[in-house]
1. Along the charge dipole of the protein assembly as shown, Cβ charges K/R +1 and D/E -1, which of B:Pro255, B:Ile790, B:Ala69 sits furthest on the positive end?
2. How charged is the neighbourhood of B:Leu403? Take every other residue with its Cβ under 12 Å from the Cβ of B:Leu403, and add Lys/Arg as +1 and Asp/Glu as -1.
3. Dividing the convex hull volume of the alpha carbon atoms of the stretch B:539-711 by its residue count, what do you get in Å³ per residue?
4. Restricting the count to DSSP beta bridges whose residues both fall in the stretch B:539-711, what percent are antiparallel, rounded to a multiple of 5?
5. Quick one: work out the % antiparallel among DSSP beta bridges in the protein assembly as shown, nearest 5.
6. Which of the listed residues, B:Pro234, B:Leu160, B:Ile130, is farthest toward the dipole's positive end in the stretch B:114-250, when Lys, Arg count +1 and Asp, Glu count -1 at the beta-carbon?
7. Apply the Karplus curve 6.51 cos²θ - 1.76 cosθ + 1.60, θ = phi - 60°, to the phi angles in the stretch B:774-783 and return the couplings in whole Hz, x for Gly and Pro.
8. As a quick test, which of the pairs B:Lys294/B:Lys331; B:Lys155/B:Lys181; B:Lys80/B:Lys481 have an alpha carbon distance above 31 angstrom in this structure?
Amino acid sequence: MRKTDSLQGSLDLLVLKILSRRPHLHGYAIMTAIKDGSGDVLRAEEGSLYPALHRMEEAGWIRAEWIVKDTGRRARIYELTAAGKRQLDAEESRWQAVTSAVNRVLRTV
Amino acid sequence: MSLRSRIVNALRGDRLSREIDEEVQSHMEEAVDQGRDPAEARRAFGSALQYREASRDVRLVAWLDSLRADAIFGWRQLMKRKVTSAAAILSLALSIGACTGAFRLIDALLLRPLPVADPQHLYALSREGIGFDGKPATFDGWAYPAFRVMRAAVKDQAELIAISYAERMDLTYKSDAEMEKASVQYVSGWMFGTLGLRPTLGRLLTENDDLQPRTHPYAVLSYDYWTLRFARDPRVIGRAFRLGDDLYEIVGVGPRPFTGTETGTVTDIFAPTMMHPGAVHDDWVWHRTLARLKPGVAVEPVRARLDATSRAFEEERAKGFTGMSKQDIQKTLDHRLLLDHAAAGASGLQSSYRVSLLALGVLVALVLLIACANVANLMTAQAASRAREMALRVSIGAGRWRLVQLVLVESAILACISGAMGAVLAWWSAPFVVGLVNPPDNPARLALPADWRVLGFGLALTLGVMLLFGLTAALRASAVKPAIALKGGEDPHTRRHMMHALIAAQVTFCFVVLFVAGLFSATFERLSHRPTGFIADRLLTLDTVAQRDESPVFWDQVAEHLRGVPGVQSVALAGWRLLGGGDWNRFVSVNGAPPGPDLAYFLAVSPGWVDTMKIPFIDGRDFRPSDTWPGAAIVNETFAKQFFKGESPLGQSITKYGERTCKVVGVVRDAPYRSIREPILPVAYVPFHRIDEHGALQPLRDATFMVRTVSANPMALASILRREVPRARSEFRVSSIRTQAELVRAQTVRERLLAMLGLFFAGVALLLAGIGLYGVLDYSVLQRRREIGIRLAIGAPAGNIARLVTVEVFGMVLMGALAGVALGMASVRYIETLLYQVKAGDPAMLALPSLTILAAALLAALPAVYHAVRIDPVAMLRAD
């Protein structure tokens with residue numbers, strides 16, 4: 001698997017977490033959820049969100065399907081797979097470890 | 001899973017692009033619905049194309065995607081030029097198929113190891129010396145007593161196995177009315193254990209089954225025979241069959257893959273060597289000997305030991321020779337024992353077809369090279385016309401490797417289609433060729449599995465072919481210099497040099513193929529037109545066996561009965577058929593002198609046999625019913641010349657070594673005895689009625705009725721005669737019926753095969769070389785059309801233009817032909833054994849292929865020359 005830098009790592013984490021709480025979201029809804037959930041602090045750019053979604057889909061963490069919405073438009077919605085749940089746990093504990101480590105450094109120096 | 005989906009995505013890239021675009025679209029519409037500015041929403045994605053590329057690369061295998069794109073592009077390139085592509089594919093398919101077919105045959109007959117334990121430790125024993133005809137020869141036959149002492153001599157280093165020549169024999173499972181044929185081999189009981197074979201059913205033979213002569217009538221069936229004859233019935237164990245005088249019990253079935261060690265023959269029944277009547281005779285040569293060396297044993301000491309033992313045995317035996325000169329005895333002893341690898345088994349089919357198959361393999365390989373040269377030239381010409389396209393690709397950033405890939409993929413498509421079509425051809429052609437080798441009543445059966453060996457060879461060949469014609473074109477294309485190519489093209493001559501070299505190579509190979517094919521067909525022509533001395537038309541031969549030895553008087557009765565059958569013109573009896581493989585020879589002495597070094601050959605015949613065969617009498621008379629052997633003899637011309645040195649042999653006496661004396665009563669014209677390839681042998685025909693020392697007639701077990709029929713189709717009488725023989729005397733059975741004409745034809749099976757396939761591939765080679773020449777000439781005219789236009793405009797005559805266009809290429813053709821002559825002459829010594837009365841240096845043999853190639857070259861040059869002189873200077877110069 002490709003190396004993920006911390007930014008991409010946190011994007012993956014956010015997407016996985018959002019999908020674990022609210023399955024069957026499409027890309028735009030995920031973007032909105034990140035924006036709203038972070039109180040407008042975090043923004044996922046379209047140019048990085050969709051490649052990330054496709055990469056995670058290829059990795060088997062999420063799966064996608066096309067649905068027809070009430071408006072008659074087709075949309076591609078995503079949900080978490082079992083592998084995705086495991087990945088989410090791993091990413092979450094990694095994130096906790098990193099942030100607590102960073103906090104410790106900030107406190108002691 | 002993920003890799004799979006990425007590969008799947010790579011193979012349907014269009015759909016993937018559509019999906020990505022649609023998702024973007026749906027995202028933007030959503031955004032607009034939420035009140036975002038459409039232009040801003042679109043801008044957020046950045047460059048649509050770049051985004052799509054980024055998303056695509058995540059979801060598919062990038063190199064596979066580029067390969068797919070190249071494949072589609074290559075396919076379109078090929079489809080754009082349907083005719084040339086089809087010609088290229090057809091010629092490649094034909095030659096790849098022929099090569100793979102040839103490999104299948106060579107592999108099955110000569111290379112594939114036997115399905116036994118450690119086949120690499122198997123060796124075959126043979127002796128090399130001077131044959132009776134004074135030429136070097138090798139003999140693979142052994143006498144059993146000699147085998148025994150040799151086995152004992154090398155007991156600690158190797159195990160020797162005796163295996164008789166497989167023979168189609170008559171046997172019966174129930175009553176004699178249901179006689180059938182099976183291929184029987186007498187083998188050492190310990191063969192199965194030594195080769196590590198395990199029974200499918202029952203037990204296999206062991207050393208204990210092979211101790212005393214004629215005391216162990218047990219037989220093992222091959223799996224193949226068990227399947228075909230008994231439909232794998234397990235109750236076959238314990239069944240009995242009668243073979244000759246012995247009642248055998250079936251004790252087991254061999255392992256599935258094992259069909260005997262005689263490659264080309266599938267053995268049906270294995271019996272112990274001790275059951276063979278020759279087991280106790282020291283002058284009866286009837287089996288091959290295989291040696292299995294123990295691990296770590298060096299070959300040469302074993303060979304030397306065997307050689308010494310064999311020589312000592314023969315010297316001991318020669319002490320019993322009386323009346324022969326010392327030199328003559330020495331000649332029979334001067335043999336050197338050889339140990340040859342026999343991992344692939346040992347058979348007559350191998351020795352008689354080894355050189356033929358290799359020669360055919362080389363011919364088809366040459367044809368493949370010619371086809372490759374054609375396609376390489378084609379690709380080079382195309383690369384030239386695509387120089388601008390390549391230059392453009394380089395200019396906008398394509399890597400050199402991408403260009404190599406682009407051209408190679410196109411070659412790969414060509415090669416793969418050809419390879420697939422070639423596989424079909426190979427599938428069909430190898431059994432077809434084996435079918436041609438089959439004599440009707442003794443089918444050669446060669447296991448021709450299409451397994452990983454053949455598949456691997458086919459794939460390697462296809463890959464090799466692709467690289468051969470594709471790589472130069474690909475490298476050339478990738479080496480394009482954009483600045484020069486876009487400005488108006490590089491020097492066209494560099495490319496032509498390479499094409500011309502290929503033309504010379506093509507002509508060389510084509511000449512060799514034509515030359516060798518010419519030698520083969522001249523050999524066949526000469527052999528099949530060699531006079532036989534008898535008239536084979538309307539002549540039927542009935543090999544007949546009796547249940548036990550029967551007096552010649554009874555045999556005469558059956559002959560007399562057959563004479564009464566309507567449609568029969570005449571009937572005679574003989575020991576066996578001429579050209580049927582029978583052979584009986586001895587030294588003879590003339591008028592009581594000591595026997596000479598030359599062998600004479602014998603055949604027992606009844607009165608009327610010479611007339612039935614329509615062999616003309618030169619002198620003397622036919623046998624009378626009262627003539628017996630010893631007593632009277634009829635000799636052929638060669639016999640008279642060789643043993644009587646021009647004197648009339650009539651009334652003189654000849655003595656077959658170790659027997660009593662006969663008087664020559666007649667001289668007949670020469671007729672071939674056992675083969676039409678060898679010089680006529682000295683033959684003495686002796687009376688069918690043989691008497692022993694006490695004057696009693698000796699009974700016989702089998703003999704051959706020669707029947708000349710009235711109608712032109714003798715086989716029409718076959719079934720009637722088959723019925724009439726047991727009606728005349730119930731203990732007689734016809735074992736096989738063949739026409740004499742068929743026996744004559746069977747003599748030239750190999751030559752016909754070589755001539756037929758040789759001519760076919762010569763035709764293909766000529767066609768391919770012609771097409772190649774045409775292509776190159778046409779291309780060079782196209783390249784030089786501006787130059788030709790200018791020359792025409794300033795008044796060059798048509799003849800000059802024709803010379804300009806062709807002179808270089810014809811120089812190449814000439815060079816190629818000269819190289820071909822040299823190569824052909826050099827290669828002839830490898831196929832000398834396949835030729836009959838044909839000399840490689842014969843001017844006709846060299847002139848014919850030369851003229852054919854020259855004619856083909858002229859024909860191929862015509863269209864190009866026509867195009868060149870018809871160039872319209874005005875149109876040409878205005879066009880550029």
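Rule-based calculations on the coordinates, nothing more; no lab input. Given the structure is predicted, the values throughout are model-derived calculations rather than measurements. Reconstructed Cβ throughout: ideal geometry from the backbone, glycine too, with neighbour counts over all protein chains shown.
1. Checked the options; the winner is B:Ile790.
2. +2
3. Numbers: hull volume 20.2 nm³, N = 173.
With only Cα atoms used, the stretch B:539-711 gives 117 Å³ per residue.
4. Values: 30 of 41 bridges.
Restricted to the stretch B:539-711, the bridges split so that about 75 percent are antiparallel.
5. Details: 86 of 105 bridges.
Just about 80 percent of them are antiparallel.
6. So the residue furthest toward the plus end is B:Pro234.
7. With the stated coefficients, the stretch B:774-783 comes to 4, x, 5, 4, 4, 5, 5, 5, 4, 5 Hz.
8. On the way: B:Lys294/B:Lys331 33 Å; B:Lys155/B:Lys181 37 Å; B:Lys80/B:Lys481 26 Å.
Over 31 Å Cα-Cα: B:Lys294/B:Lys331; B:Lys155/B:Lys181.
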